[in-house]
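The values are calculated or read from the model by the stated rules, or taken from the named source; none is laboratory data. These figures come from a predicted structure and were not determined experimentally. Reconstructed Cβ throughout: ideal geometry from the backbone, glycine too, with neighbour counts over all protein chains shown. These area figures cover heavy atoms from the full protein model, side chains too; ligands, DNA and RNA do not enter into them. Shrake-Rupley method; radii C 1.70, N 1.55, O 1.52, S 1.80 Å.
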Amino acid sequence: MTMPDLEHALDALAGRVSSLREARTAYPTDLAPTLDAALAELDTAAELLAEAREALRKAPKRAASKKDGTQRELKLLRQVFRAFPVPVIVLDGGGMVRRINPETSRVLGSPDGYLVGRSFPLLVDVSRRAAFRSHLNSVLQTGQPSAFETRLAHQGRTHTVQLALTRVTMPGEPQQMVAAVALPTEVQLPEPGGRRPEQSDGALLLAASRRQDLLARIGALLLDEEALLRPVALPRTTRLLAAEWADWVIADLVRDGLPRRSVVVAPKNHPLGDLVRLVESADPAGSQVVMQVLERGSGVVHEMVDDESLLGFAADGPLLTAMGAGSMLSVPIGQSDGVLTLVRTHDRQPFSLADLGVLQDVGMQLGLAVRAQSSFQSRSRAADALSASVAPRNLPDVPGYEASAVYHPGASVGAEFYDVFPVAGGWGFALGGAAGKGEEAASVSAMVRGGLRVLSTWESHPDLVIRKVNQALVAQGTGMFVMAVAGFVKGRKIQLSSAGHHPAALLQPDGNVRFAAGGGVPLGISPEAETGVQELTVSVGETLVLYSEGLISSRNDSGEPYGEERLADVLGRCAGQSPATVVKAVEADRHAFSGGQVWDEIVVLALKGV
């Protein structure tokens, strides 16, 4: 067949194929005749290819230049290939796309040359991939053509096609190739030369707007206070991404130097299926893409998944195969704190470089949130430990007395403490606080509390204990001073030693309130302690009340301090009540006075003679 004859035949074939398209549109319910005719035209196309190949083989070569003859052959073949009016894809033995004609790009909606170098089986419907590979192998081995119906999915479009495979020998290629001719049978093809919808200015603007909206929503989600108090940042983020951006979302966090699978969000149609459990149980350390992202510290996007082993394997094969993956994107979480992986199936728009950019920002924000939450929890545990070190969990039973206490932490880690403990021949108690706030002040208070408790097991009087603790505090050189009061309970007698602390209040059964002497100089100022020493008798029905600086210095909206006079009024109204009632009444009155605001710790300790 001469070149003009071939061109004429191709033009005629193109006209007939166009007529078949029009028939398919005009009679959508009566496809059988159109399909039969389409298959006949497919046979005609195969014959034209065979005749063109034979013409190339028999074409005379100029003796003067073998190179010129080869170039003419290649030029003729390219012209035929590009002019062919149906999609034609040239595959190597492994199913990799080596050539596509313009009609293939138009039908599948991809840029010219986009599919070259990618795995063609990934375009084939998952249920038919195994069959396609068998057909491909058979054609390569036997040389006999093969045809079957399947679905192709790409760029969010799905096409039902009649796929014909023919073995061909390509000039300059050492191995046999396969030409795949795809004749769509159930799609309305876009008009030739029409602009793809996803390339329109409006679509691009909408996509950019969605990415900005995602960043704003992720930021608001991660800045929520609950994201610090509870470990909700990771599951919330993955759920948001799964709802709008992917079919599968997987988060792997690094623990003890290795990635651990932390969250898997699956499509809604299999929330608790076996496939979900397979993905959850897979070791991310065996995932090529996870380890690559961790090693490089940068994200990757696979617009078409051409290696289905990237995410690792399950018992039945690659995970991505089971998931129906068509496109995949992986980004670091923070600074190599983990990897966030998103997977879309074949029937969805593939991920793009623009998606990779916005998801890298999401991963960075998520990493900061996870680290902030971890740091907050560590500090919270430290604060709880410090609080436990300055206040007992439970008050012991003191013979002859009923005891109760209330402790309210302040706006920050504070320094007030109280304690009740056994001493030789009786019981002891202590209350006080370092001047200052924060972890250092709390640690000094904990040290003083521990010193008072330990030294009280050897000393016979609380004043001796106070003085020795003062010496130790001065020797430590903390630069802080501590107001404290310590007492020994021996029968109805209570020995007190005050180091700059507020005086204890004694509530009598008739409602009268008397204050102890108090006084002295706070601990840690001078090696020679100056203390106020006093001995009280607490009879049955009387209640000894000790309280912190935070209670007395609480202020109302007008800036007025709570003060000891108001305290005496509240105590007077509690005559004859239990210690628990007394401390609750003081707490409620202070709360009402200051409008519920608590800046410093509030400590109230009550001992009632019974």
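Structure notes:
- Taken as a whole, the structure places residue 202 among residues that are modelled with pLDDT of 60 or more, open to solvent by 40 Å² or more (accessible area, probe 1.4 Å) and in a helix (DSSP H, G or I).
- Cβ-Cβ contacts under 9 Å between residues 6 or more apart (or on different chains), taken from a first residue in region 304-318 that is on the phi > 0 side of the Ramachandran plot to a second residue that is in a loop (DSSP other than H, G, I, E, B), are listed as 312/282; 312/283; 312/287; 317/308; 317/309.
Okay, residues lined up against (1) open to solvent by less than 80 Å² (accessible area, probe 1.4 Å); (2) of a type outside the set (S, T, N, Q); (3) at pLDDT 75 or above; (4) more than 25 Å from residue 344 (Cβ to Cβ):
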site: 170; (1), (2), (3), (4): yes, yes, no, yes
site: 207; (1), (2), (3), (4): yes, yes, no, no
site: 229; (1), (2), (3), (4): no, yes, no, yes
site: 232; (1), (2), (3), (4): yes, yes, no, yes
site: 238; (1), (2), (3), (4): yes, no, yes, no
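- Applying a threshold of 7 Å to beta carbon distances and a minimum spacing of six or more residues, or different chains, the list of pairs starting in region 568-590 at a residue that is farther than 16 Å from residue 603 by Cα and ending at one that is open to solvent by 50 Å² or more (accessible area, probe 1.4 Å) reads 574/581; 575/509; 575/510; 576/509; 578/402.
- Candidate set from region 520-565 (those that are open to solvent by 40 Å² or more (accessible area, probe 1.4 Å), assigned to a loop (DSSP other than H, G, I, E, B) and not acidic (Asp, Glu)); member that is farthest from residue 592 (Cα to Cα): 527
- Among the residues of region 115-141, those that are part of a helix (DSSP H, G or I), in contact with a helix residue (DSSP H, G or I) (Cβ under 7 Å, 6 or more places away or on another chain) and surrounded by 17 or more Cβ atoms within 10 Å (Cβ to Cβ) comprise 121, 129, 132.
- Residue-level check: of (1) surrounded by fewer than 13 Cβ atoms within 10 Å (Cβ to Cβ); (2) of a type outside the set (A, V, I, L, M); (3) assigned to a loop (DSSP other than H, G, I, E, B), residue 576 misses just (1).
- Only residues that are open to solvent by 20 Å² or more (accessible area, probe 1.4 Å), in a loop (DSSP other than H, G, I, E, B) and small (Gly, Ala, Ser) were counted across region 267-303, and they come to 3.
- Number of the exception - residue 486 against (1) in contact (Cβ under 8 Å) with a residue 40 or more places away in the chain; (2) open to solvent by 10 Å² or more (accessible area, probe 1.4 Å); (3) of a type in the set (A, V, I, L, M, F, W, C): (2)
- Each residue in region 335-359 was checked for being open to solvent by 10 Å² or more (accessible area, probe 1.4 Å) and in a loop (DSSP other than H, G, I, E, B), and 9 pass.
- Filtering region 304-317 to residues that are loosely packed, with under 15 Cβ neighbours inside 10 Å and part of a strand (DSSP E or B) leaves only 317.
Quick grid of which residues meet (1) modelled with pLDDT under 85; (2) surrounded by 18 or more Cβ atoms within 10 Å (Cβ to Cβ); (3) within 16 Å of the chain's Cα centre (by Cα); (4) not in a helix (DSSP H, G or I):
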residue: 361; (1), (2), (3), (4): no, no, yes, no
residue: 365; (1), (2), (3), (4): yes, yes, yes, no
residue: 368; (1), (2), (3), (4): yes, no, yes, no
residue: 371; (1), (2), (3), (4): yes, no, yes, no
residue: 375; (1), (2), (3), (4): yes, no, yes, no
residue: 382; (1), (2), (3), (4): yes, no, no, no
residue: 388; (1), (2), (3), (4): yes, no, no, no
residue: 396; (1), (2), (3), (4): no, no, no, yes
residue: 404; (1), (2), (3), (4): no, yes, no, yes
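- In the set (1) loosely packed, with under 14 Cβ neighbours inside 10 Å; (2) outside any helix (DSSP H, G or I), the condition left unmet by residue 331 is number (1).
- The residue that is farthest from the chain's Cα centre (by Cα), among those in region 326-344 that are closer than 14 Å to residue 311 by Cβ and at pLDDT below 90, is 326.
- Taking the criterion of being of a type in the set (A, V, I, L, M, F, W, C), in contact (Cβ under 8 Å) with a residue 60 or more places away in the chain and surrounded by 17 or more Cβ atoms within 10 Å (Cβ to Cβ), the residues of region 591-610 that qualify are 602, 603, 604, 605, 606, 607.
- Of all residues in region 453-482, those satisfying the criterion of being within 18 Å of residue 519 (Cα to Cα) and open to solvent by less than 50 Å² (accessible area, probe 1.4 Å) are 461, 462, 463, 465, 466, 469, 470, 482.
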